[in-house]
1. Would you please list the contacts, defined by Cβ atoms under 6 Å and residues six or more apart or on different chains, that run from a residue in the stretch B:31-44 that is in a strand (DSSP E or B) to a residue that is surrounded by fewer than 17 Cβ atoms within 10 Å (Cβ to Cβ)?
2. For B:Leu192, indicate whether it is within 9 Å of chain A (Cβ to nearest Cβ) and either of a type in the set (Lys, Arg) or under 16 Å from B:Leu341 (Cβ atoms) (or both).
3. Determine the pairs where a residue that is in contact (Cβ under 8 Å) with a residue 40 or more places away in the chain, located within the stretch B:350-378, has a partner that is among the charged types (D, E, K, R) and crowded, with 24+ Cβ neighbours inside 10 Å with Cβ atoms under 6 Å apart, the partner being 6 or more residues away or on another chain.
4. How many residues are touching a strand residue (DSSP E or B) at 6+ places or on another chain (Cβ under 8 Å) and part of a helix (DSSP H, G or I) when one looks only at the stretch B:324-343?
5. Of all residues in the stretch B:33-44, which are within 21 Å of the chain's Cα centre (by Cα), hydrophobic (A, V, I, L, M, F, W, C) and under 23 Å from B:Gly182 (Cβ atoms)?
6. Restricting the search to the stretch B:391-418, which residues are modelled with pLDDT of 90 or more and either within 14 Å of chain A (Cβ to nearest Cβ) or touching a Pro at 6+ places or on another chain (Cβ under 7 Å) (or both)?
7. Restricting to the stretch B:380-431, name every residue that is of a type in the set (Val, Ile, Thr) and under 15 Å from the mean Cα position of the chain (by Cα).
8. Taking the stretch B:223-268 on its own, how many of its residues are more than 9 Å from every other protein chain (Cβ to nearest Cβ), touching a residue at least 40 places away in the same chain (Cβ under 8 Å) and among the β-branched types (Val, Ile, Thr)?
Amino acid sequence: MNNFGVIEIAGTTTKSTPGWAYVPDTGPALAAGLQPANRKRAARNQPALSLSDLSARQETRIRKDLEALDRDNHKDTNIAIPPKSGRSRAQNKHTPNVRKILQSQKTFANHLDDYQAMLALAESNPGAAAAMNAAQAKPSTSTAATPKSASPAPTTSSAGGGSKRSAAAAKRAAAQEKLEQERKKATKAAPSRPPSPSPEPSPAPPAAADDDDDNDDNDDEDIPMPDATPLPPTATATTTTPPQTYPRESDILPAYPKPPPRAHPGDADPLLASCGVPPLPSDAELRALMTAAPLSYLEARAAWAGAGGDQARYPARVFCAVCGYWGRVKCLKCGGRVCALECLEAHREECAGRYGL
Amino acid sequence: MASSRKSRSARAPPPPRTLVLDNGSDTIKAGFVTGEKTAGPRIIPNCLARDRHRKTYVGSELEKCKDFGEIAFRRPVEKGFIANWEAQKEIWDREFFDDKAPQRCDPSESRLVLAEQPNSLPALQTHCDQMVFEEFGFASYYRGTGPSFNAYHDIQAIFHTPRTSETIIDIPAEVILLIDSGYSHTTVTPILQGRPIHPAIRRLDVGGKLMTNYLTRVLSLRHFDMRNETYIVNEMKEAVCYVSLDFKGDLEKTWKGTRGERREEYLTGAGIAKDYVLPDSHKSFHGVVREYDPGASSRAACKGTVSTEDVLTLRNERFVVPELLFNPSDIGMRQPGLADLVMQSLSALPIGLWPGLLANIVVVGGNAKLENFIQRLQMELLERVPDECVVRVARPADPVISTWLGAANFAKHEHVEQLAVTKQEYEEHGAGWVARKFAAGLGVDS
């Protein structure tokens, strides 16, 4: 096959294969999914070690413990699907997509790694990323509330984008970039128009034609396919709601329908006055919140405060490794915590056995 | 082209029957909605299981299994998201699409409403859409986040808000803060008018699985090696674990004391200690909880009879395990506890929304069944929020199927017509369009 005259140019695209993936090595690794604090170089990076800080060995042990707690079974098991007995439903032919999905042995961790690699790629090389997730319309380019997700996040099937299509898609992505820049200029020129917080990509990206569906004939011709608008177009029209204070007329959160409670003689008493109910956000604010794009899996994970999610609010509590009471005594050999002498003795037997001391 | 234009202007009537699926990591909740009638849900274990005789059970066949010793599981859903479609298809086939399936369903004449966890990976969402249309061939389909389906309940009834007969029940509920604590994680989702506020959704990676595994580890250290008995430990967890309202005090009561000392509270059990009789796999197959009997061992020794049953005395194990939800740092996890999780979620929102959200906190998911869960959460939240705020925390009558019931209400609501995608639309516009349509959700003005 001569590839229909399309010449493949070597680039920085990643190639996804079931089970593993080529990933461009760009800078330090992103935070891992389960336990993100990477403190490999903790000793070097920290100005001074404090008492509460864990050693690298303890850190590794905790990480391994947590990984063990996250497993479905204690041992690795491989349960095959039992053979079908007396099944009358005919084995119909799968479509290519379905076959690929069914044969994929990727776990969630693999998918997460792929996704992270995609994000890293999008940061370092937006053009290539755009080519990867072919013709993925950027989610909410105009939503000011979520600047993070405005990056070309791979929101749909990336595995579908083969190298065959990448060249065409890159071209299309470039065209889309151009279009968007033009659009931005246009909106700048008209400052009276407030940004429309609509979730769907604003009405003009015809370049973002879908080719996630595997219709090959669809790829040859660039038919401008505007995105369907799930909402009636009037809804996305810019609404100018002047900021109001509570109670007010709101379309989104209507005011309490009943009359307010009867006046009380103590209402005017300055000592009884509370600071009151904070004003409700304006409709525009609510609209932006309710239509903002979803965060990614890793962004939604709650983390501790601090720059690297490293500072807990309170110091960690320590427990006796034997009985579960407070860990008040430290074992001199291993640094583990026990509650009192009785547990310390129990622990020592194990501790000595563990290290052969 | 002509036909598609026609179909857009006058959409085909919706399929008469809707299959509502809450496809959880541990169990599938499934049932049908036909017109105004709701049937179900049936709770199906979402796993392939193999017992010690190497017999394999798929999905609801697990009911036939009697001996759960050393049973091993393979779960198609990981972290709340369908990762392995090979296994998932097998389970769905056996439950819904085979001729002898218990909930027989003809996809070409049904609509599918599927609940998924928030913040899914796009690749997995696309896989899901492709499987639904290309393999199963449903006529119509909507995939929405599970938490937001809970808004289609009469929420104020859960809180027992006093009201008169003319009060209008608004569905979807105006404002809820939904906490979904399931098998793989716990999520906090603020919902306004049935629309989830995505920037404020937060997740804590503590769920039922982690707690069961932690209990397994603790028991294996202190009593017997239970590491292969996940199922039995899980039953034990559901039977005895509770959330402590006074962690320090309870821990003090369960301490045996220093060397030689035996504290009074330890000997009597202080109302906390419980005996758990393990199944012996011959006569009994499920464990039994008993009140703690302080003199049992000495009496047995006097009589000279050796008891054949294995009894575990559970003391601080009962409340230390659910404590992980509120203090994940106890096992070294670098995540805030549940109350802080709620505060993190709220801090992403304008302060004007706080009073409404805090007064309408609903907890669903299997962990909500833990005793005192609601009270502890309310207690911790009251410490963190401004004094003027009313904090109300409640759980529906059955927190496990709450999401399913909400999704069933949603399937009857007019919103489903705006959101569902038909097979023709999928074939015409492709998976990317479908994913974007689902991600956009309801919008605001509909």
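1. B:Gly31/B:Ala39; B:Phe32/B:Ala39
2. Numbers: within 9 Å of chain A (Cβ to nearest Cβ): yes; either of a type in the set (Lys, Arg) or under 16 Å from B:Leu341 (Cβ atoms) (or both): no.
Taking the combined requirement at face value, the residue does not satisfy it.
3. B:Val364/B:Asp180; B:Gly365/B:Asp180
4. 6
5. Matches in the stretch B:33-44: B:Ile43, B:Ile44.
6. Selection gives B:Ile401, B:Ser402, B:Trp404.
7. We begin by selecting, within the stretch B:380-431, every residue of a type in the set (Val, Ile, Thr); these are B:385, B:390-391, B:393, B:400-401, B:403, B:416, B:421-422.
Those that are of a type in the set (Val, Ile, Thr) and under 15 Å from the mean Cα position of the chain (by Cα): B:Val400, B:Ile401, B:Thr403.
8. Residues in the stretch B:223-268 being more than 9 Å from every other protein chain (Cβ to nearest Cβ), touching a residue at least 40 places away in the same chain (Cβ under 8 Å) and among the β-branched types (Val, Ile, Thr): 3 in total.
The values are calculated or read from the model by the stated rules, or taken from the named source; none is laboratory data. What you see is a predicted model, and the numbers here were worked out from it, not measured in a lab. Backbone-built Cβ (ideal geometry, glycine too); neighbour counts: all protein chains shown.
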